[in-house]
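To start, the structure under review is shown below, and the notes come after it.
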Amino acid sequence: MTWQLSNAKRVVRSEAAFKLREAVTSQRNARIIVIDLSEVRAIESSGLGMLGFLQRWAYDHDIRLKLFNPTKSVQDRLEHVGSVPEFDIATLDEMMALLARADSRYAPAA
């Protein structure tokens, strides 16, 4: 499952953080969840806290949680609070491999 924060330019104490929580925690049968941060321009303490909560939730459910394409400002914020080692940031190559694997799983049998 890939979830994009396309409508949320900021992840602060707002609906965006709670929508993200609902979207991620509804995926109890997923093996990998990727959160696309490419549209997020700022992330505040509550947004970081939500990502931390989701990381722990995913770990508790044997799900790999990955962040993808954080903007420079979000990356800086993650580094500033020392969260980068906690979060798995997917590379473009990883994302392409994940998407190819997902496509092949759902391709009709020939």
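The values are calculated or read from the model by the stated rules, or taken from the named source; none is laboratory data. Keep in mind that this is a model prediction, so the values were computed, not measured. Cβ: placed from backbone, ideal geometry, glycine included. Neighbour counts: every protein chain shown. In case anyone asks, the SASA skips ligands and DNA or RNA and just uses the protein heavy atoms, side chains included. Shrake-Rupley method; radii C 1.70, N 1.55, O 1.52, S 1.80 Å.
A search for C-beta distances below 6 Å between a residue of region 71-91 that is surrounded by 14 or more Cβ atoms within 10 Å (Cβ to Cβ) and any residue that is at pLDDT below 80, counting only pairs 6+ apart in sequence or on different chains, returns 78/84. Taking the numbered list (1) touching a Ser or Thr at 6+ places or on another chain (Cβ under 9 Å); (2) free of Cβ contacts under 8 Å to residues at least 24 places away in the same chain in turn, residue 39 passes all entries but (2).
Taking region 46-70 as the search range and keeping residues that are outside any helix (DSSP H, G or I) and over 11 Å from the mean Cα position of the chain (by Cα), which one is surrounded by the most Cβ atoms within 10 Å (Cβ to Cβ)? It would help to see each step written out before you state the result.
In the first step, residues of region 46-70 are kept if they are outside any helix (DSSP H, G or I); the result is 61-70.
Narrowing further to those that are over 11 Å from the mean Cα position of the chain (by Cα): 61-63.
Values: 61: 14, 62: 8, 63: 19.
Out of the qualifying residues, it is 63.
Could you please let me know if residue 39 is open to solvent by 20 Å² or more (accessible area, probe 1.4 Å) and part of a loop (DSSP other than H, G, I, E, B)? Criteria met by residue 39.
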